[in-house]
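Working notes, beginning with the structure itself.
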There are 2 protein chains.
Amino acid sequence: MQTEHPFDRKRQRAPSKRALATRERVLDAAERIFAARGFDGATIRDIAAEAGEPVGSVHHHGGGKELLFHQAVARRSVELSQARRDALEAARASGPLTLERVLDAFMRPFFALAEDEPRWSDYARLVALVSADDRWRGIAAECFDPTAALFLSELAELAPDLTRRTRAQAFVFSVSAMLSLLTSQGRIGALGAEGTENPGAGRATPGQVDHLVAFCAAGFAVSADGRR
Amino acid sequence: MQTEHPFDRKRQRAPSKRALATRERVLDAAERIFAARGFDGATIRDIAAEAGEPVGSVHHHGGGKELLFHQAVARRSVELSQARRDALEAARASGPLTLERVLDAFMRPFFALAEDEPRWSDYARLVALVSADDRWRGIAAECFDPTAALFLSELAELAPDLTRRTRAQAFVFSVSAMLSLLTSQGRIGALGAEGTENPGAGRATPGQVDHLVAFCAAGFAVSADGRR
DNA sequence: GTCTATATGTAGATAGAC
DNA sequence: GTCTATCTACATATAGAC
């Protein structure tokens, strides 16, 4: 049998164009189903049905449920990290960095991507799943920690009075708030109540992102203010 | 067969003392297992083993997996809500309310409970699960929304310039940050890095709670500041 | 690479003796 | 109320023809 799985050491030959397309469809389906039902709630069969592929094909390309999940998370993480780094460089080029501008560079690219491509909204749910469950700390460490560390070191220069731990804590608060805006429009609606549901069901408006960034920047600033 | 399940209309007779104790042990076990593995990751058999009860007993007292989960969440929600309302009244009695004091009344009781009883730390994970998954919106609406609405109306008086929606959003950011501190000490540690892990693995220090409250209060204040 | 068929385990739920 | 045994369904994973 041919146990050549993704994430194995290099293949002998490049896969065919058709095979690559199948692989992409499997990953797209996995992204949607994992996002909607969580890792344990999702089944390979659901994913196969969503991809319009036989069950065996999902195993072949996915390499098992855990690896499939890992792949789905890792796939877009490079583009996300790059968008964040680019935004940071753009901010640096256009004037002196501030807490607010650094946080904006970290957060806004995710919303910008989600606005164009609904797939990125599903991906946001995946990121939230990974962030919330210690079971996936390894994946988070691989896919997100390096960029987080980069931004954290920028924030350190802008808020030098904070201890390392307090800074990490403020950053975790900020990321949690960001993920809640990416994934929990429903909760905001339920509490905000009455008619004015936002149109794009699940997509944040630029104004909401402004608010998020301002909220977190203020939180960072007060953390430095001696207050503690 | 006797289909008398919890949450059914009233029973004919009060259950025996022994039966009540069994029920409590089942709920305790469910709380721990659901907290550790999530709803779909947990199994009735895991819960039975944790409770030291036969599988059938868990079904009998739990009334099925979904109802068991519902019961586990609902059980402590009354005490939590009461602690929050008491803290709000205490704050009101001891001086003029501020954003910071209201948020403190909402957040600190949860940490205070978790500090004494580790069960409350498990419960915090349950609350986070319920908050993160739209599948449980009904439970959240029943167990948490009323108290959230009470605090939100207090916050409305202290930040009258915010729109209803912006206020709800700031509140969701705050709750997300609170839950991240209750459940994600690991992430804070991973980003804060180096030695100084806090001792009580998973319990927040009062200083961390101070920081959380200050962070969120500052966020609320800036939301009102015209900034948007 | 793709697809059908199947192996093996384990899930939630229930029946019925005690 | 408690406990054992069991029903039925569906999970992941694999084998092997094409």
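Six or more apart or on different chains, Cβ under 8 Å: which pairs go from a residue in segment A:38-62 that's more than 14 Å from every other protein chain (Cβ to nearest Cβ) to one that's more than 10 Å from DNA strand D (Cβ to nearest atom) and of a type in the set (K, R)? Could you list them? Close Cβ pairs (under 8 Å, with a partner that is more than 10 Å from DNA strand D (Cβ to nearest atom) and of a type in the set (K, R)) amount to A:E50/A:R32; A:A51/A:R25; A:G52/A:R25; A:E53/A:R25; A:H61/A:R23. Among the hydrophobic types (A, V, I, L, M, F, W, C), closer than 25 Å to B:T183 by Cα and at pLDDT 95 or above: is that true of B:A74 in this structure? Answer is yes for this residue. Within segment B:138-182, the only residue that satisfies the criterion of being among the basic types (K, R) and more than 7 Å from chain A (Cβ to nearest Cβ) is B:R167.
Take the conditions of a type in the set (S, T, N, Q) and in contact with a helix residue (DSSP H, G or I) (Cβ under 6 Å, 6 or more places away or on another chain) and apply them to B:S94. Does it pass? No, not satisfied. The residues of segment B:162-193 that are at negative phi and not in a helix (DSSP H, G or I), listed by number, are B:L162, B:T163, B:S184. Identify, from the list B:F111, B:F69, B:F106, the residue that is within 16 Å of DNA strand C (Cβ to nearest atom) and within 14 Å of chain A (Cβ to nearest Cβ). Residue meeting the stated conditions: B:F69.
Sub-8 Å Cβ pairs linking a first residue in segment B:11-36 that is away from chain A (no Cβ under 14 Å) and within 21 Å of B:D133 (Cα to Cα) to a second residue that is more than 8 Å from DNA strand D (Cβ to nearest atom) and assigned to a loop (DSSP other than H, G, I, E, B), at least 6 apart or interchain, are B:A30/B:A42, ordered by first then second residue. Among all positions in segment A:148-168, there is at least one residue which is buried (at least 20 other Cβ atoms within 10 Å of the Cβ) and among the polar types (S, T, N, Q). Condition first: under 21 Å from B:R167 (Cβ atoms) and buried (at least 16 other Cβ atoms within 10 Å of the Cβ). Can you find one or more residues in segment B:62-73 that meet it? No, every residue in segment B:62-73 fails to be under 21 Å from B:R167 (Cβ atoms) and buried (at least 16 other Cβ atoms within 10 Å of the Cβ). Does segment B:125-135 contain any residue that is buried (at least 22 other Cβ atoms within 10 Å of the Cβ), of a type outside the set (S, T, N, Q) and either farther than 29 Å from B:G207 by Cβ or at the interface with another protein chain (Cβ under 7 Å from one of its Cβ atoms) (or both)? Yes, segment B:125-135 contains at least one residue that is buried (at least 22 other Cβ atoms within 10 Å of the Cβ), of a type outside the set (S, T, N, Q) and either farther than 29 Å from B:G207 by Cβ or at the interface with another protein chain (Cβ under 7 Å from one of its Cβ atoms) (or both). Can you name the residue in segment A:32-42 that is in contact with a Phe, Trp or Tyr (Cβ under 9 Å, 6 or more places away or on another chain) and part of a helix (DSSP H, G or I) and is also farthest from DNA strand D (Cβ to nearest atom) among such residues? Result: A:A35. Can you find a residue in segment B:86-93 that is more than 16 Å from DNA strand D (Cβ to nearest atom) and touching a Phe, Trp or Tyr at 6+ places or on another chain (Cβ under 8 Å)? Scanning segment B:86-93, I find at least one residue that is more than 16 Å from DNA strand D (Cβ to nearest atom) and touching a Phe, Trp or Tyr at 6+ places or on another chain (Cβ under 8 Å), so the answer is yes.
Inclusion of B:R76 among residues that are touching a helix residue (DSSP H, G or I) at 6+ places or on another chain (Cβ under 9 Å) and without any contact (Cβ under 8 Å) to a residue 60 or more places away in the chain is warranted.
The values are calculated or read from the model by the stated rules, or taken from the named source; none is laboratory data. This is a predicted model, so every value here is computed, not measured. Cβ: placed from backbone, ideal geometry, glycine included. Neighbour counts: every protein chain shown.
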